[in-house]
Amino acid sequence: MLNIVFYEPEIPFNTGAIARTCGLTKTRLHLIKPLGFEVDDKHLKRAGLDYWHLVDINYYDSYDELLEKYPDGNFYLASTKAKKKYTDVNFKDEDFIVFGPETRGLPEDLIFSNYDMAIRIPMLKDYGRSLNLSNSANIILFEALRQLDFLDLE
């Protein structure tokens, strides 16, 4: 089972959208607080309500708490600041793919202290914008699933 991590997500629609994907792909979802919304927020539930019972969702008070729970995990950090493309990675079952908040991304100190694990989606440079958070998570997740022959999905 793969793992998607949203670090301090701000927009409920993005979290709802990836929750739906996680539920339908048997992927664990990990949310690092603080969240920019209430978990029972009507927008979040509306985005994934029909699938909510399928989602294996976990909450943490900090990124360190997640690392303590999975000390042997491979944590890939999705960032526009990375050099390595997500397609350059050989994903393995149980890997974690970490995404930062919509307005600021992952903290630079986290990225640069783990730069060998930082990955990016190629896109226009110097535009000042990037892909939507849930779209980015889906792109990388489905590449990992493809590499793993979709882990028993039909």
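The values are calculated or read from the model by the stated rules, or taken from the named source; none is laboratory data. All of these numbers come straight from a predicted model, not from anything done at the bench. Because the Cβ atoms are built from the backbone with ideal geometry, glycine has one as well, and the counts that use them run over all protein chains shown. Heads up: the accessible areas ignore ligands, DNA and RNA and are worked out on the full protein's heavy atoms, side chains in. Shrake-Rupley method; radii C 1.70, N 1.55, O 1.52, S 1.80 Å.
Just a few scattered comments:
- Solvent-free Debye scattering, log10 I(q)/I(0), computed from the Cα coordinates of the chain at q = 0.16, 0.17, 0.19, 0.21 Å⁻¹: -0.86, -0.98, -1.24, -1.52
- Under the Karplus curve 6.51 cos²θ - 1.76 cosθ + 1.60, θ = phi - 60°, whole-Hz ³J(HN,Hα) for segment 67-72, x wherever Gly or Pro sits: 4, 5, 6, 10, x, 9
- Taking all protein chains into account, the per residue accessible area for the chain stands at 55 Å² (1.4 Å probe).
- Placing a pseudo-label 7 Å from each Cα along the Cα-to-Cβ vector at Leu54 and Arg129 gives an inter-label distance of 3.1 nm.
- Close amide H pairs (under 5 Å, H built 1.01 Å from N) link Leu2 with Arg28, Glu94, residues at least 5 positions away or on another chain.
- Among the listed pairs Lys26/Lys125; Lys69/Lys92; Lys84/Lys125; Lys26/Lys85, those beyond 26 Å (Cα-Cα): Lys26/Lys125
- Sequence-distant residues sharing a close amide H with Leu77 (under 5 Å, placed H): Val98, Ala118, Ile119
- Extension gain (nm, one decimal) between Asp88 and Leu151, 0.36 nm per residue minus Cα-Cα: 20.7 nm
- Separation of alpha-carbon centers, segment 69-141 and segment 1-36, rounded to whole Å: 14
- Largest-first ordering by accessible area, 1.4 Å probe, given options Asp93, Asp149: Asp149, Asp93
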